[in-house]
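The values are calculated or read from the model by the stated rules, or taken from the named source; none is laboratory data. On a predicted model such as this, the values are computed, not experimentally measured, just so you know. As a convention, Cβ positions derive from the backbone with ideal geometry for all residues, glycine included, and neighbour counts pool all protein chains shown.
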Amino acid sequence: MAIKAIRGFKDVLPQDSTRWQQLESTARDIFNTYGLKEIRTPVLEKTEIFARGIGEHTDIVEKEMYTFEDRNGDSLTLRPEATAGIIRSVIEHKLYAASPFLKLFTMGPMFRHERPQKGRLRQFHQINVELFGSASPLPDAECIAMAWQILRSFTDAKLLLEINSLGCPKCRPLHREALVQYLTNAKDQLCEDCQRRADTNPLRVFDCKNEECHRIMRQAPLVKHYHCVDCATHLGQVLDFLELMDIPFVQNGYLVRGLDYYVRTTFEIKSPDLGAQSTVAAGGRYDGLVKMLGGPDLPGVGMAVGVERLLLLTPEAEQEGIDLFVAALGREARETVTPWIAEWRRQGLAVEMTWDDKSLKAQMKQADRSGAGLVIIVGENEIDEEEAILRDMETKEQENIPFDAVVNRVLEIFE
Ligand SMILES: [Zn+2]
Ligand SMILES: [Zn+2]
């Protein structure tokens, strides 16, 4: 029996890879305009990084990580998100020493053992941005702007940007206290998971999909009612900058995100067209995380775009044809055209020829499939006459060109 890919792991097939490339290059172009540099970190890290970075009591760390012992008995984990590994690298290489600000992006696969469904895979891909070194509201707004720009340049679907602030170590404990009190009173009505979360990680209860929990949380105390002056000012300024950048948003006091490390700004960009898994991009501020992972007290803010979900909202890419197809009949003809093709390719033309002995009819069929606008035909007659046939696939017009002129003639056409 043939072996299939692992459940929740998906191939990107040739007919789809064009859109991936377009998305990646659009994102790179956008990041260039913001002065970002690329960082590439390993997909495998010590488990500790994620347990400490994401939080022991998050769904990700409790249930979703691909964690295993390697042959040395070290506990390793396939990264479930990008931030913790990037921070590990920033600290390890002291990247903060060279410049007060670090503007980084990365792209690649992340791994979470969740139940696969539409828009949710176990190996999924993200485009990530991490901006370190400033506690100002401007990097928050720039982060959101980059996410928005990438999404908008790839889809016409309806997008909704929701923003919240989770407060800071000064004001957050006050909210937590009120929330824990509220949850304790409502405990019998919460689902089993949330009864546990009420003690370990009360904010998570806002994320519960259970209808009863959802109803109860509608009345729960919100962080925004406990914001200190600095947090309120910060949020206000982020929103001001977004307005100045002409990015539409709504405030959502219930938005908390599934990661422990967020402080202040947190955001999601959703599309109602996606159904249950509607979040296409998300992120937030994580001041304190670099320090917690053993580095200096470097503030940071980041975002991630979900590649698969964004592509679900994107119309299929048109398949681009090659420039030129060469139909050569027989060994002598193939040898005649080989140096021509080599030269055309050196000049940057996309050229294909048939590898095997095929009839002219079969080769013309292949030429058609290749999407080439022009075909060069060299058969026995052409060898005798030392003239190649140049055929325009659209107009069906043909012309004969002497062998010694054919290379330049084709280059002229594509100049
Ligand atoms: Zn605060
Ligand atoms: Zn619940």
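Of (1) part of a loop (DSSP other than H, G, I, E, B); (2) closer than 28 Å to L289 by Cβ, V61 satisfies all except one. Which?
Checking V61 against (1) part of a loop (DSSP other than H, G, I, E, B); (2) closer than 28 Å to L289 by Cβ, the one that fails is (1).
In the stretch 107-157, which residues are among the small types (G, A, S) and closer than 25 Å to E243 by Cβ?
If the condition is that a residue be among the small types (G, A, S) and closer than 25 Å to E243 by Cβ, then G133, S134, A135, S136, A141, A145, A147, S153, A157 are the ones that fit.
Has the stretch 165-181 got any residue that is outside the structural domain of L36 (by TED's automatic domain parsing), within 16 Å of ligand 2 (Cβ to nearest atom) and touching a Cys at 6+ places or on another chain (Cβ under 8 Å)?
Within the stretch 165-181, not a single residue is outside the structural domain of L36 (by TED's automatic domain parsing), within 16 Å of ligand 2 (Cβ to nearest atom) and touching a Cys at 6+ places or on another chain (Cβ under 8 Å).
For the stretch 185-213, what are the residues that are within 17 Å of L255 (Cα to Cα), near ligand 2 (Cβ under 8 Å from one of its atoms) and either exposed (fewer than 15 other Cβ atoms within 10 Å of the Cβ) or assigned by TED's automatic domain parsing to the domain that holds V256 (or both)?
Result: K209, single match.
Only one of these is of a type outside the set (S, T, Y), modelled with pLDDT under 95 and within 27 Å of T33 (Cβ to Cβ): A147, A141, A98. Name it.
A98
Can you pull out the residues in the stretch 149-175 that are farther than 16 Å from L255 by Cβ, touching a residue at least 60 places away in the same chain (Cβ under 8 Å) and either part of a helix (DSSP H, G or I) or within 16 Å of ligand 1 (Cβ to nearest atom) (or both)?
If the condition is that a residue be farther than 16 Å from L255 by Cβ, touching a residue at least 60 places away in the same chain (Cβ under 8 Å) and either part of a helix (DSSP H, G or I) or within 16 Å of ligand 1 (Cβ to nearest atom) (or both), then Q149, I150, L151, C168, P169, K170, C171 are the ones that fit.
Yes/no per residue for (1) of a type in the set (G, A, S); (2) in contact with a strand residue (DSSP E or B) (Cβ under 7 Å, 6 or more places away or on another chain); (3) surrounded by fewer than 15 Cβ atoms within 10 Å (Cβ to Cβ):
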{"residue": "A27", "(1), (2), (3)": "yes, yes, no"}
{"residue": "F31", "(1), (2), (3)": "no, yes, no"}
{"residue": "V43", "(1), (2), (3)": "no, yes, no"}
{"residue": "F50", "(1), (2), (3)": "no, yes, no"}
{"residue": "G53", "(1), (2), (3)": "yes, no, no"}
{"residue": "T58", "(1), (2), (3)": "no, no, no"}
{"residue": "Y66", "(1), (2), (3)": "no, yes, no"}
{"residue": "T77", "(1), (2), (3)": "no, yes, no"}
